[in-house]
1. Which condition does B:Lys15 not pass, out of (1) exposed (fewer than 12 other Cβ atoms within 10 Å of the Cβ); (2) at pLDDT 85 or above, if it passes all the others?
2. Filter the stretch B:21-46 down to residues that are more than 14 Å from the chain's Cα centre (by Cα), more than 18 Å from A:Tyr103 (Cβ to Cβ) and facing chain A (nearest Cβ under 9 Å), then give me how many there are.
3. Among the residues of the stretch B:30-56, how many are of a type in the set (Phe, Trp, Tyr) and within 18 Å of A:Tyr105 (Cβ to Cβ)?
4. Is there a residue in the stretch A:88-97 that is free of Cβ contacts under 8 Å to residues at least 60 places away in the same chain, under 22 Å from A:Thr28 (Cβ atoms) and within 15 Å of the chain's Cα centre (by Cα)?
5. Can you work out which of the residues in the stretch B:47-57 that are farther than 19 Å from A:Gly35 by Cα and surrounded by 14 or more Cβ atoms within 10 Å (Cβ to Cβ) is nearest to the other protein chains (Cβ to nearest Cβ)?
6. Residue by residue through the stretch A:20-67, note down the ones that are more than 24 Å from the chain's Cα centre (by Cα) and either at pLDDT 90 or above or acidic (Asp, Glu) (or both).
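The values are calculated or read from the model by the stated rules, or taken from the named source; none is laboratory data. Since this is a predicted model, take the numbers as computed values, not measurements. Backbone-built Cβ (ideal geometry, glycine too); neighbour counts: all protein chains shown.
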Amino acid sequence: MTDTTRGQNPLLKLVYWYVNTLDKYPLTVKMITSGVMYGAFVVVHFFFFFAPVGPLTTPNSQIGLGDLLAQVVDPLRKKEQPLDWQRTGIFALYGTIIAGPLYHYWYGNLNQLPVFMMKTRRLNQHVLFILLSVCPLNLPLSRSSTSASSERLNDWESPSLLTRW
Amino acid sequence: MVVLTTTTKKKKLHKKQRTHVLSKVLLDQLVFSPLYLVVFFYGTGLMRGQKFDDITEHTKEVHT
C-alpha cells in the first residue's frame with residue numbers, strides 16, 4: 001500500500017490496494033475477480049443481452065446475473081428451496097479459469113489488432129484482387145489452351161473451376 | 001498557413017482515433033462476442049457434465 005492512502009477512508013484504501021495488486025499481478029487478480037463476479041455478483045453484459053423483457057423473471061436472465069444473486073432474487077424459487085451451490089461453484093470456476101484469462105488476453109491485445117489490420121490492409125487488398133479478378137479469368141484461359149473439348153470442360157471442369165475460385 | 005496545417009493534422013489524428021475506436025468496437029462485437037457465447041454455453045455445459053450434443057440441443061431449445 002502506498003503512503004498516500006494513510007489515514008484515508010477504508011473503502012478507498014481497499015480500492016488502492018486492489019489497483020496496486022492488479023498492477024502487480026494482472027492475470028491472477030483478473031481471474032479471481034472474474035470468478036467472484038460470475039459466482040456472486042452481476043455480469044451486466046449478459047443481463048442486457050439475454051433479458052429484453054422482464055429481466056429478473058425470465059430463465060435466460062439468470063445466466064446474466066452472477067449465479068448466487070440470480071438464485072436469491074429468482075421469484076420462481078420456493079422459500080424452503082436451498083441454494084444450488086454446485087451451480088454457483090461452476091459459474092465461479094468458469095469465471096476463474098475461462099472468462100478471466102480470455103478477457104485478459106483479448107482486451108489486452110485489442111488495442112493492437114486494428115493497427116495490425118491497417119498494416120496488413122494493403123496486402124489483403126492485393127490478395128483479394130488476385131483472388132477475385134485474376135484467378136477467375138486465368139483459369140478458363142489456361143484450360144482453353146489445352147486440347148480438351150468444350151463439352152468436357154462444361155461437364156466437369158466448370159464446377160471444379162468454380163470451387164477453386 | 002501554419003495554423004491551417006496544424007488544424008488539418010489534428011483533424012486527421014482525430015479521424016484516425018475514431019476509426020481505431022470504431023474498429024475495436026466492431027472487432028469486439030463481431031468477432032469476440034459470438035465466439036465468447038459459444039465458449040460460455042459449451043464451457044458451463046461441459047463443467048456440468050453434459051455431453052456436447054445435449055448442450056447443443058439445450059441451447060437451441062432455450063435460446064432460439
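1. The single condition B:Lys15 does not satisfy is (2).
2. First, pick out the residues of the stretch B:21-46 that are more than 14 Å from the chain's Cα centre (by Cα): B:40-46.
This time we only want the ones that are more than 18 Å from A:Tyr103 (Cβ to Cβ), so: B:45-46.
Of the ones still in play, those that are also facing chain A (nearest Cβ under 9 Å) are none.
The total comes to 0.
3. Taking the stretch B:30-56 and keeping what is of a type in the set (Phe, Trp, Tyr), we get B:32, B:36, B:40-42, B:52.
After this cut, where a residue has to be within 18 Å of A:Tyr105 (Cβ to Cβ) as well, the list is B:32, B:36, B:40.
The number of residues fulfilling the criteria is 3.
4. Within the stretch A:88-97, the first condition is being free of Cβ contacts under 8 Å to residues at least 60 places away in the same chain, and the residues that meet it are A:88-94.
If we keep only those that are under 22 Å from A:Thr28 (Cβ atoms) as well, we get A:88-94.
From the residues that got through so far, the ones that are within 15 Å of the chain's Cα centre (by Cα) too are A:94.
Yes, the stretch A:88-97 contains a residue that is free of Cβ contacts under 8 Å to residues at least 60 places away in the same chain, under 22 Å from A:Thr28 (Cβ atoms) and within 15 Å of the chain's Cα centre (by Cα).
5. Start the filter on the stretch B:47-57 by keeping residues that are farther than 19 Å from A:Gly35 by Cα, which leaves B:49-57.
Going one step further and asking which of them are surrounded by 14 or more Cβ atoms within 10 Å (Cβ to Cβ), we end up with B:50, B:55-56.
Working: B:Gln50: 11, B:Ile55: 13, B:Thr56: 16 Å.
Only one residue fits best here, namely B:Gln50.
6. A:Asn20, A:Thr21, A:Lys24
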